[in-house]
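The values are calculated or read from the model by the stated rules, or taken from the named source; none is laboratory data. As the structure is a computational prediction, the values presented were derived from the model and not from experiment. Note that each Cβ is placed from the backbone with ideal geometry, even for glycine, and that neighbours are counted across all protein chains shown.
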Amino acid sequence: MRKVTLCFLVDGNRLCLAMKKKGFGVGKWNGVGGKVEDKETIKEAAIRELKEEIGVDAHQNHLEEVGNIKFYFNGKPDWNQHMHIFFIKNWTGEPIETDEMAPQWYDNDKIPYEKMWIDDPYWLPQVIEGKKIEAECYFAKDGDKIDKFDIKELI
């Protein structure tokens, strides 16, 4: 199962989301992240992706892991992934648009769930509230429908 990261810049009661401009998830608002490369830790990947996708610098010590989700795609096992989710409150630089992503700040009560992955409403409100979660999501087809979503709060 491929390891991936997802990172959200947090500024008070706002999250930075980014519109995916190409590749997997194109056209959806999401956090920033991607695949963990060979010989790279999950946190190193999260920091690298922040720089590559929205131009901000950050340190691993500032990453707060708020959850992880295993995604299973029915009929497409090569799409299966284990996503590690981070919040980060300290970084350097302003988020900028790149070839891959266009960042934008959203108030926590105005997150555009209807323009995100369909699983996001199941877990993102919980981590915004300060909970840490672990989940498994089973998608039908290309991720356009959820067959099953199991979530538990971590203590």
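Exactly one residue among 33, 75, 67 is within 27 Å of residue 153 (Cβ to Cβ), of a type outside the set (A, V, I, L, M, F, W, C) and touching a residue at least 60 places away in the same chain (Cβ under 8 Å), and that residue is 67. Within region 116-131, is even one residue touching a residue at least 60 places away in the same chain (Cβ under 8 Å) and under 13 Å from residue 4 (Cβ atoms)? Yes: one or more hits.
On inspection, residue 96 passes the criterion of being assigned to a loop (DSSP other than H, G, I, E, B), of a type in the set (A, V, I, L, M) and exposed (fewer than 15 other Cβ atoms within 10 Å of the Cβ).
Just the residues that are closer than 20 Å to residue 63 by Cβ and either exposed (fewer than 13 other Cβ atoms within 10 Å of the Cβ) or at pLDDT below 95 (or both), please, taken from region 119-152. Scanning region 119-152 gives 129, 130. Taken over region 106-118, residues that are surrounded by 13 or more Cβ atoms within 10 Å (Cβ to Cβ), of a type outside the set (S, T, N, Q) and modelled with pLDDT of 95 or more amount to 6.
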